[in-house]
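These notes are about the structure you will find just below.
The values are calculated or read from the model by the stated rules, or taken from the named source; none is laboratory data. The structure presented is a predicted model; accordingly, all values stated were derived computationally and were not measured. When we count neighbours, we look across all protein chains shown, and the Cβ atoms used for this are built from the backbone with ideal geometry, even at glycine.
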Amino acid sequence: MDITLRPMTDAEFEHFRERQEREYVESLRRSRSAEAARRKAREDLGRLLPDGGPGPGHHVLTAEHDGRVVGQVWLGPSEDADDMLWLYDLRISEDERGQGHGRAVMEAAEPLARGLGAARLGLNVLGDNHAAIALYRSAGFTVTAQQMAKSLDGR
C-alpha cells in the first residue's frame, strides 16, 4: 500500500495538538488526580509540541493514501536513547481502520527514522489497547518495559 507522509498544515497541527492534550490528560488520569494530569500534560506537551508547531527534532506528519488523509504519525527524539526515535503517536482515521493503513504508515515512517539517524523506534502503548499491541507486535516491536497499577479505592 502506497502511503505518503507530509508535514501537517497549521490547521491540522492545531487540531492534532488539542486532541493530544485532551487524550494525554485522559490517559494520565489512570494514575493521578485530574489536576496533576492536566499539569503534567501541559508541561510535557508544552515542551514537545509548543503552540504553532512541533518542537526541535519532532515530526508531526499527515498520512495520505490515494490523495486522501488516512491518519497521522508523530516521531521525535527519545528521552532515553540517542540511537532511537520515539513513536509518540500513530493514529488512523476511524473510517480507514482495518484496511492495512496502520502497518503502511509504520512502514513509511521507518525509512524516515533511519534517514534521521535512528537505529531503533520506541513507543508506549496502553495495556488495554489490544489492537495497537497486536499491530506493533506484528511489526516487530517487543516489550522492553511494563508498568502496572492497582486501584485501592474500587475504581
The range 1-18: number of residues that are touching an Asp or Glu at 6+ places or on another chain (Cβ under 9 Å) and closer than 30 Å to A149 by Cβ: 2
Among (1) more than 23 Å from G102 (Cα to Cα); (2) surrounded by 13 or more Cβ atoms within 10 Å (Cβ to Cβ), where does L49 come up short? (1)
So, of the residues in the range 22-61 that are over 19 Å from S78 (Cα atoms) and within 16 Å of the chain's Cα centre (by Cα), which turns out to be modelled with the lowest pLDDT? S27
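Select from the range 37-46 the residues that are of a type in the set (G, A, S) and in contact with a helix residue (DSSP H, G or I) (Cβ under 8 Å, 6 or more places away or on another chain) and write down the one among them that is surrounded by the fewest Cβ atoms within 10 Å (Cβ to Cβ). Steps first, answer last, please.
Of all residues in the range 37-46, those of a type in the set (G, A, S) come to 37, 41, 46.
Keeping just the survivors that are in contact with a helix residue (DSSP H, G or I) (Cβ under 8 Å, 6 or more places away or on another chain) gives 37, 41.
Working: A37: 18, A41: 20.
Step by step, filter the range 37-46, then rank; the result is A37.
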Identify all residues within the range 30-46 that are basic (K, R) and touching a residue at least 40 places away in the same chain (Cβ under 8 Å); write none if there are none. R30
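Give the residue, chosen from L116, L87, that is farther than 11 Å from V73 by Cβ and touching a residue at least 12 places away in the same chain (Cβ under 8 Å). Can you show your working first?
Values: L87 fails: farther than 11 Å from V73 by Cβ.
Result of the check over L116, L87: L116.
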